[in-house]
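Here it is: the structure, laid out below.
The values are calculated or read from the model by the stated rules, or taken from the named source; none is laboratory data. Only a predicted model underlies this, so the values are computations on that prediction, with no experimental measurement involved. Here the Cβ positions follow ideal geometry from the backbone for every residue, glycine too, while neighbour counts run over all protein chains shown. Heads up: the accessible areas ignore ligands, DNA and RNA and are worked out on the full protein's heavy atoms, side chains in. Shrake-Rupley method; radii C 1.70, N 1.55, O 1.52, S 1.80 Å.
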Amino acid sequence: MHNNKRCQKEKQQQKEYKDHSCKDPQPRNIRVDFSSQWGRRESSKFSISAAVTSKEYSLDGALENTQLPKGDCWSVHKFGGTCVGTSERIGNVADIIIADQSERKLAVVSAMSKVTDMMYDLIYKAQSRDDSYLTALDAVLEKHKLAAVDLLDGDELASFSSKLHHDINNLKAMLRAIYIAGHATESFSDFVVGHGELWSAQLLASAVRKNGVECSWMDTREVLVVNPTGSNQVDPDYLKSEERLAKWYSNNPSKTIIATGFIASTPQNIPTTLKRDGSDFSAAIMGALLKARQVTIWTDVDGVYSADPRKVSEAVILKTLSYQEAWEMSYFGANVLHPRTIVPVMQYDIPIVIKNIFNLSAPGTMICRSSGDEHEDGQKVESLVKGFATIDNVAIVNVEGTGMAGVPGTASAIFSAVKDVGANVIMISQASSEHSVCFAVPEKEVKAVADVLESRFGQALSAGRLSQIAVIPNCSILAAVGQRMASTPGVSATLFTALAKANINIRAIAQGCTEYNITVVVKREDCVRALRAVHSKFYLSRTIIAVGIVGPGLIGATLLDQLKDQTAVLKEKFNIDLRVMGITGSRTMLLSESGIDLSKWRELLSLRGEMADLSKFVHHVRGNHFIPNTVLVDCTADSHIASHYYDWLHKGIHVVTPNKKANSGPLDQYLKLRALQRQSYTHYFYEATVGAGLPIISTLRGLLETGDKILRIEGIFSGTLSYIFNNFAGSTAFSQVLKEAKEAGYTEPDPRDDLSGTDVARKVIILARESGLHLELSDIPVQSLVPEPLRDCASAEEFMQQLPQFDQQLAKQRQNAEDAREVLRYVGVVDVVNGKGTVELRRYSKEHPFAQLSGSDNIIAFTTERYATQPLIVRGPGAGAEVTAGGVFCDILRLASYLGAPS
């Protein structure tokens, strides 16, 4: 990139004046004494060899040497209004110009910040016959006087002040004329507005001279010649501008030139402007005229970002962009350069560098010709997509009808009509069947476009040749730009997959044959999420997921603590950023715009929590930030919360839960939920609904997905009942074991919730449905361990007090089992072959795997066609907040991997 190739034309030009192209315009030891003689082009010849070099110079040679030098000796800078917004900043700009080690320098400068607006306001007030234009002009005068007093002194201050007052008096007369006429012509307006650049250029030139550096200032109206076009743009006349520049330089030879930006003249010497982004355009034109080594655009950002950093916090500064990439990104609204700014420098391969005047150490972004095989350190995917840009507030117009197919001139008629109303077509997409043409226009222009099309094609609509002219409002355009996207397989697929996984629907697609960009139209409300999703996919920035925790009880609180401990590791090693944007209980919720500090979430929930509102909570977690992916983690056992899963998934919100209520609820709702999950890229993970942290659901799915056939699933699914029957041995009473389990925290507050078997039945129904059985919970016969007389006890305490009187019944069953060298185990069974399930107390030999358990372990046996003689066993802790929360955490990380995190 550092040695840009020059075109053949430039090389020839350099050869023609190689002996003098970047030399001083006059001998170093001879000053102004000879300037007037050169200017008069006297015919006599004399030797000046002793003054400069061993070569002899003739008068003709001296004349030739006054020509404008061109080539790499020149560097061009452009400083915007922010860069020269105050006297201090003008001083900083002077320092930058002086510090540039280039042999020759030209700096293009904008008006001081806000001055251009102030000048337009003067014109508006004058033509509105508002007398306050005089007061406003005084404010302009005062702003520049104060800057001059701060910057200059002595003759420089006196000279600038004199010119300033002279200009202000002329402006008063001109504004008075506008006031009387009540109208300002375009040339009058351009003349008035251009004074901001004149003053800032003179101020900067004086500041440079104050530092002892010879410097001239250029009124570019004397040099740049442009031809206004009908589209609020101008076309530079390079030949005339080159002639005028040479003439100006012959009268103002200097190694440092400060030039006005934005302003120019017509071929008739009428003042005009370069319109939008005119100062950048001025710098590019001057760079082309001088065939400069480089054009540096000084601004207030570190360079060109891969995406708008206000929308994508992970956006990176691009080290280089090709001219075409910068052009494409500019067209689609990226804060780079106006496309026309790039045109003048392209033909001479002059690089443009974007630099931050407030951060001189930042390397910036270089825009230049790409060699096609260069690689940038630290940017692994720059070979595919360089950047992303968006255009908001657009509408899609769709013209559709069978009468369009094969009819020449239809598209021409459509866009001719659009041109007639002056609308700007941003993007066009046409089906190969020619059945429809759709295009994007700014939303403010769509009504005029629709009206003219309906008028122009009214007869075709009436006759049925066109079926409709439809307008789709509230859209945004997203463009992916990269020169090396061309002929690289899979770029489009990656882009569309990233959008699909973020649940973004694409309204229209366009891709140029150069393949420098892929453009999609999405809903305006989806634009930022879409931008973040594709940027993350291509730049491998952190996979960011907005997390909402529902239910900060025992499991939820444990999960939050696990997230707190692991967050830094996930970011550093796995590129996963899990941001908890909200926590809600049944009464209080805590919301955050950037992510809750999990080291003190309990304190924050207590001190800053607000009244719980599930609808507001969901909207906040999903919608009040710029994170493309959202997951709600339901850590409750609430059927009301579970009833919202379908709506959340439908909105593109992923769901992770240990809550069994949704999957064991009414069959029709379960089937509807799973159907939605399968037909979208929205994920629903519920591993912890069965076996806490054990891989039960994933194991079952793995068997089914690889073609195995499930015959039977049998297991001890309750950690509480596992603990009880593992310790129900010898002469210990059942009630005593239950009491110990309750005191150890293994049971629910009311142990009847465990002993009823309902929880096991829910797990059985979940596994049955996963295996393909369409069973309701009521289809599962459940043997309750709660004695029937105690089922209606008023409280858990009363139940525990009366339970000992029923110990004898279970003691007898235990003794019968022991006599047969067997043990009692409370199990759930899914009999897939016979299409049924059961939950009951069963006896197993002491050699059976179910008899080998200890503590609160769960054990599940999968009997399948592959594992027919020796069942596949999954065993481990099946109860407790730590393992259950761990299972939920695993599901969240599984979701992250599905969304693009490294595996």
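Taking Cα centroids, how far is the stretch 385-429 from the stretch 65-127 in Å?
About 40 Å separates the Cα centre of the stretch 385-429 from the one of the stretch 65-127.
Once label points are set 7 Å from the Cα along Cα→Cβ at both T185 and K616, what is their separation, rounded to one decimal in nm?
In this crude spin-label approximation the distance works out to 6.2 nm.
Another question, then. So for the stretch 295-334, what percent of the C-alpha to C-alpha distances run longer than 17 Å?
Details: 232 of 780 pairs.
Considering the stretch 295-334, 30 percent of its Cα-Cα pairs are separated by more than 17 Å.
How big is the accessible area of C215 in square angstrom, nearest 10, if you roll a 1.4 angstrom probe over the protein chains?
10 Å²
Sticking with this one: Treating only the Cβ atoms of Lys and Arg (+1) and Asp and Glu (-1) as charged, compute the dipole magnitude of the stretch 502-658 about its Cα centre; round to the nearest 20 debye.
With Lys and Arg at +1 and Asp and Glu at -1, about 300 debye.
Excluding ligands and nucleic acids, what accessible area in Å² is computed for Y681 using a 1.4 Å probe, to the nearest 10?
110 Å²
Which values, in whole Å and largest first, are the semi-axes of the equivalent ellipsoid of the stretch 409-561 obtained as the square root of 5 times each eigenvalue of the Cα gyration tensor?
One finds semi-axes of 40, 21, 13 Å for the stretch 409-561.
Something else: What is the mean projected area of the alpha carbon convex hull for the stretch 493-640, to one decimal in square nanometres? Intermediate values should be presented prior to the final figure.
Numbers: hull surface 41.2 nm².
Mean projected area of the Cα convex hull: 10.3 nm².
Pairs K143/K172; K739/K812; K564/K742: which exceed 22 Å Cα-Cα?
Details: K143/K172 16 Å; K739/K812 20 Å; K564/K742 30 Å.
Listed pairs above 22 Å: K564/K742.
Test of understanding: what is the full-extension gain from E454 to S132, defined as 0.36 nm times their sequence separation minus their Cα-Cα distance?
111.2 nm
Output the Kirkwood hydrodynamic radius of the chain, Cα pairs only, in Å rounded to one decimal.
Over the chain, the inverse of the mean reciprocal pair distance is 34.0 Å.
For the stretch 140-218, taking Cα atoms only, what is the radius of gyration to one decimal and the Dmax to the nearest whole Å?
That works out to 14.4, 47 Å for Rg and Dmax.
Suppose the chain between E705 and E443 were pulled fully straight at 0.36 nm per residue; how much longer would it get relative to their current alpha carbon spacing?
89.5 nm
Per residue, what volume in Å³ does the Cα convex hull of the stretch 842-903 take up? Provide the component values of the computation, followed by the final result.
Values: hull volume 8.5 nm³, N = 62.
Cα convex hull per residue, to the nearest whole number: 137 Å³.
Which aspartates and glutamates, on any chain, are close to K210 with Cα under 19 Å apart, when same-chain ones fewer than 8 places away are left out?
Qualifying aspartates and glutamates at Cα under 19 Å: E88, D95, D100, D150, D153, D155, E156.
Moving on to the next point. How large is the helix-only mean residue ellipticity at 222 nm for the chain, computed as the sum of -39500 (n - 2.57) over DSSP H runs with n ≥ 4, divided by its residue count, in deg cm²/dmol to the nearest 500?
Calculated from helices alone, the mean residue ellipticity at 222 nm is -12000 deg cm²/dmol.
Starting from the 7 Å offset along Cα-to-Cβ, what nm value, one decimal, do you get for the label separation of S361 and Q815?
It works out to 8.5 nm between the two label points.
If the chain between T497 and R791 were fully stretched, how many nm would it gain, using 0.36 nm times the residue separation less the Cα-Cα distance?
100.5 nm
Listed here are the pairs K240/K319; K275/K355; K311/K672; K419/K537; K114/K247; which of them are more than 27 Å apart at the Cα?
From the list (K240/K319; K275/K355; K311/K672; K419/K537; K114/K247), the Cα-Cα distance tops 27 Å for K240/K319; K311/K672; K419/K537; K114/K247.
Same structure again: At q = 0.15, 0.19, 0.21 Å⁻¹, what base-10 log of I(q)/I(0) does the Debye formula yield for the stretch 665-781 when every alpha carbon is treated as an equal point scatterer in vacuo?
Treating every Cα as an identical point scatterer, log10 I(q)/I(0) equals -0.79, -1.09, -1.23.
Using only the Cα atoms of the stretch 687-729, each taken as one equal point scatterer with no solvent, compute I(q) by the Debye sum, divide by I(0), and report log10 of the ratio at q = 0.26, 0.28 Å⁻¹.
Normalising to I(0) and taking log10 leaves -0.94, -1.00.
Normalized C-alpha radius of gyration of the stretch 595-736, against 2.2 N^0.38 Å?
1.35
Which percent of Cα pairs goes in each bin when the distances of the stretch 259-337 are cut into 10 angstrom slices starting at zero?
16, 41, 30, 12, 2, 0
Rule-of-thumb check for the stretch 723-838: C-alpha Rg over 2.2 N^0.38 Å?
In units of the globular-protein estimate, the stretch 723-838 measures up at 1.17.
Hey, how many Å between the Cα centroid of the stretch 810-854 and the Cα centroid of the stretch 306-353?
The stretch 810-854 and the stretch 306-353 have Cα centres separated by 71 Å.
Using a simple charge model, +1 on the beta-carbon of Lys and Arg, -1 on the beta-carbon of Asp and Glu, nothing else, what dipole does the chain show about its Cα centre, in debye to the nearest 20?
Charge dipole, the chain, about its Cα centre: 1560 debye, nearest 20.
Compute log10 of I(q)/I(0) for the stretch 182-338 with the Debye formula, placing one identical point scatterer on every Cα and leaving out solvent, at q = 0.10 Å⁻¹, to two decimals.
Reported log10 I(q)/I(0), two decimals: -0.44.
What number in nm² do you get for the stretch 568-622 if you take the convex hull of its Cα atoms and divide its surface by four? Don't skip to the answer; put the middle values down first.
Values: hull surface 16.4 nm².
So the Cα hull casts an average projection of 4.1 nm².
At 1.4 Å probe size, what's the solvent-accessible area of K145? Round to the nearest 10 Å².
For K145, the solvent-accessible surface is approximately 80 Å².
Give me the percent of DSSP beta bridges within the chain that run antiparallel, rounded to the nearest 5.
On the way: 75 of 123 bridges.
Beta bridges within the chain, antiparallel portion: roughly 60 percent.
Something else about it: On average over all directions, what projected area in square nanometres does the stretch 191-262 have, based on the convex hull of its Cα atoms?
Working: hull surface 21.1 nm².
For the Cα atoms of the stretch 191-262, the hull's average projected area reads 5.3 nm².
Let me ask you something else. May I ask for the distance between the Cα centers of the stretch 704-739 and the stretch 173-236, given as a whole number of Å?
Computed from Cα coordinates, the inter-centre distance equals 88 Å.
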